Ligand SMILES: Cc1cc2nc3c(=O)[nH]c(=O)nc-3n(C[C@H](O)[C@H](O)[C@H](O)COP(=O)(O)OP(=O)(O)OC[C@H]3O[C@@H](n4cnc5c(N)ncnc54)[C@H](O)[C@@H]3O)c2cc1C
């Protein structure tokens with residue numbers, strides 16, 4: 001029987017297990033952590049996630065879309081909270097387009113359940129891979145619960161073991177292996193806005209809330225239980241930074257100065273601030289992703305990115321869709337599939353890594369910047385004139401399957417034209433002129 005081994009039962013590893021099992025593979029998944037369905041352990045690095053079209057497509061292919069959709073909350077745009085407490089809404093796309101807030105834990109458990117329902121999928125927990133021998137096709141595991149050590153051979157191996165992948169670590173000893181990891185100077189901390197006395201959301205539910213404050217920001221995504229999970233993205237060091245918030249008084253003063261409207265919504269913010277961890281954010285780039293035509297990285301293990309475009313999981317799910325399409329074409333010929341997979345995905349992973357870094361600046365700063373808002377107004381005029389032909393960079397990433405590398409390239413072209421248009425005096429009266437329309441023509445990608 002065809003067999004495959006996957007390291008990591010996170011979002012991508014669990015989805016991949018389903019794909020492989022549906023094609024007749026006997027699949028073993030080895031997960032470092034205990035089974036989160038049986039023990040009360042946090043699912044990982046964020047409580048909820050934004051799911052967009054690429055993620056939905058991944059779930060659709062394994063028949064999970066409807067189940068997850070029923071517990072997902074549409075977020076139709078950004079709700080910007082100014083320092084004076086006023087709010088403004090910026091839609092993400094056209095009428096009917098939205099990204100969706102989904103619980104990471106619920107999604108991961110649903111994927112693991114579905115994986116286990118397939119014939120011949122076995123999940124092993126508390127199995128931390130510590131080394132992969134790429135020559136002998138051997139895996140080495142530590143089990144912290146039983147304090148034991150084991151070895152296993154593999155035929156086909158996927159490393160879906162996240163940003164600090166053990167498989168990638170072993171691959172780094174290969175000749176001419178390229179690897180970089182880049183931490184940003186900001187970390188993040190999760191805080192919570194509880195529901196109101198009736199169990200309802202205290203703010204607009206169908207929006208991703210942002211409090212942009214220049215070099216840092218607070219965001220909030222809704223949960224189905226009436227709460228919001230807030231994330232403070234904030235420098236580790238500097239004048240206004242985590243390093244400077246040492247006492248309850250420091251935190252209270254900071255929130256009073258920068259987020260006064262949040263305080264009444266979030267009575268437990270000081271306790272949360274000191275209890276919840278401060279975590280770091282990094283971009284990982286590496287190449288190759290595969291070795292020997294039988295070993296391959298996927299998801300964050302191949303391309304961890306910062307979370308500001310809400311695309312890390314979406315990109316990992318798209319990896320699974322692309323792999324599945326390659327299997328449609330090439331069956332079980334992994335020596336053909338894996339080099340094609342890395343060639344197709346690497347430029348797109350690099351592009352979304354760049355887009356995600358750029359989007360941090362847009363979210364924390366530009367959404368409140370007059371020049372940016374001027375550009376948004378011009379963009380709206382173009383979108384209204386060409387509803388079928390104009391696709392904004394955000395729409396390309398979140399509401400289409402246009403390769404990320406094209407979205408990056410097209411986005412730069414759009415930005416350039418919008419910048420030029422901001423310099424045209426009385427643009428509104430000249431908008432229909434041949435001269436302006438000629439400028440717009442190259443950015444109609446639809
Ligand atoms: C704050 C934050 C917010 C985010 N928001 C979004 C969002 O809104 N939308 C979005 O699309 N993405 C988002 N992401 C990114 C998303 O979380 C990741 O891209 C996604 O979790 C990647 O899935 P994965 O399965 O590849 O890796 P992971 O989710 O990291 O799963 C890896 C699994 O492998 C296991 N593992 C690790 N090492 C080993 C080992 N040695 N042996 C065995 N098992 C091992 C881990 O325990 C884990 O279960 C966010 C990330 C962060 C940090």
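Read-outs: derived from the displayed coordinates by stated rules, not from any lab. Just so it is clear, the model here is predicted, and its values are computed rather than measured. Note: ideal-geometry Cβ built from the backbone for every residue, glycine included; neighbour counts use all protein chains shown.
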Completion exercise
Place a point 7 Å from the Cα of residue 41 in the direction of its beta carbon; the residues of region 139-161 whose amide N falls under 17 Å from it are 141-150, 160-161
Problem - Nearest 10 degrees, 0 to 90: helix 334-364 Cα axis against the chain principal axis - result: 30 degrees
Fill in the blank from the handout: Computed on Cα atoms, the radius of gyration and Dmax of region 1-127 in angstrom are 17.5, 65
Problem - Projected-area average for region 9-65 over all orientations - Cα convex hull basis, square nanometres - result: 4.7 nm²
Problem - Using distinct alpha-carbon pairs, which all enter the 1/r mean, Kirkwood radius of region 41-95 in Å - result: 13.9 Å
Completion exercise
Nearest-0.05 FRET efficiency for residue 179 and residue 145 at R0 = 30 Å, using Cβ-Cβ distance, is 0.45
Practice task
Take peptides 356-365, 155-164 and line them up by average Cβ neighbours within 10 Å, highest first, as a rough protection proxy.
Solution key: 155-164, 356-365
Handout entry: Segments 134-142, 68-76 sorted - mean Cβ within 10 Å per residue, highest first
Key = 68-76, 134-142
Problem - For region 297-446, convex hull volume per residue from C-alpha positions, Å³ - result: 110 Å³
Practice task
Restricting things to alpha carbons, find the Rg to Rh ratio for region 369-443 using the Kirkwood radius for Rh.
Solution key: 0.96
Exercise for the section: Can you tell me how much longer the chain between residue 335 and residue 236 gets when fully stretched, taken as 0.36 nm per residue apart minus their C-alpha distance, in nm with one decimal? Expected result: 31.2 nm
Problem - When the convex hull of its Cα atoms is projected in every direction, mean area for region 111-251 (nm²) - result: 15.1 nm²
Handout entry: Separation of alpha-carbon centers, region 374-446 and region 250-288, rounded to whole Å
Key = 35 Å
Practice task
Can you grab the distance from the C-alpha centre of region 203-223 to the C-alpha centre of region 54-109, Å, no decimals?
Solution key: 13 Å
Problem - Exposure proxy order (Cβ contacts within 10 Å, fewest to most) of 286, 320 - result: 286, 320
Practice task
Taking the chain as the reference, fit the longest principal axis to its C-alpha atoms, fit the long axis of helix 248-258 to the helix C-alpha atoms, and give the angle between the two in degrees, 0 to 90, nearest 10.
Solution key: 50 degrees
Handout entry: Helix-only [θ]222 nm of the chain, DSSP H runs n ≥ 4, -39500 (n - 2.57) each, per residue, nearest 500
Key = -11500 deg cm²/dmol
Fill in the blank from the handout: A chain fully extended from residue 439 to residue 120 at 0.36 nm per residue, minus the present Cα-Cα distance, gains in nm 109.1 nm
Fill in the blank from the handout: Mean projected area (nm²) from the convex hull of Cα positions in region 182-280 is 6.7 nm²
Completion exercise
Candidates 431, 287, 308; GNM for the chain (alpha-carbon contacts under 10 Å) flags as most fluctuating 431
Problem - Distant alpha-carbon pairs in the chain (separation over 32 angstrom), percent - result: 42 percent
Problem - Net lengthening on full extension, residue 409/residue 155 (0.36 nm per residue, minus Cα-Cα) - result: 87.6 nm
Problem - Residue order, fewest to most surrounding Cβ atoms within 10 angstrom, among 313, 174, 327 - result: 174, 327, 313
Problem - Residue order, fewest to most surrounding Cβ atoms within 10 angstrom, among 56, 289, 334 - result: 56, 334, 289
